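Right, one structure below, let's go through it.
Taken together, the values in this text are just the output of simple stated rules run on the coordinates, not laboratory data. Everything quoted here is computed from the prediction, not taken from an experiment. All Cβ positions, glycine included, derive from the backbone under ideal geometry; neighbour counts span all protein chains shown.
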């Protein structure tokens, strides 16, 4: 009887142990499933965090790159501004120099204006005198002494300083009358400038007289020179 009771106690303890083992196993399995679920959730969270970190890192890289680009562009702008400042400084110096030149030119222009105004006034006075002379229309008689004095050399030596070309011009005017410088040039074969200088010289030395009422001027031989030439031809 004692053995049966012990067997029953052992069986009961065994049954209790088996039940407890089954319950413990179920709890362990549930805990394992919950752990797996929690692990999956944690993995998802970690992956999500990793993605967020990757996005933030990409954005940070882009921001750094943009900052570098902006910094480089800013440096270029600063260099351009420095170059522009140097150009402006050079331009300011040039403007200052031009201002000084302009001031000097203004002073010179004022002087030239005064001279021109003086010349204009002189010309106006000369024109008024010419108008008065034309209105009067009177020429004072010139004495023989004054005529001879108009020639800067002695009468008997009047032709001595003249060249052959100058003598030829005087002879043409003596024989053919008044002529213009272009007409004389056709006869003596010199250039226009040379002929103009020659006629001006003969007029300035007192050998010729000229008519300035129309262009080109007409040159005529003075009466006293005509007499001297006739005497020369007679002697020849």
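Label positions at residue 10 and residue 215, each projected 7 Å from the Cα along the C-beta direction, are separated by 16.1 nm. Length gained on full extension, residue 90 to residue 54, computed as 0.36 nm times the residue gap minus the Cα-Cα distance: 7.6 nm.
In this simple spin-label approximation, residue 119 and residue 223 carry label points 7 Å from Cα along the Cα→Cβ vector, and these lie 3.7 nm apart. Fully extending the segment from residue 21 to residue 110 would add 19.3 nm, taking 0.36 nm per residue of separation and subtracting the current Cα-Cα distance. Residue separation of residue 193 and residue 76 scaled by 0.36 nm, minus their Cα-Cα distance, works out to 35.5 nm of gained length.
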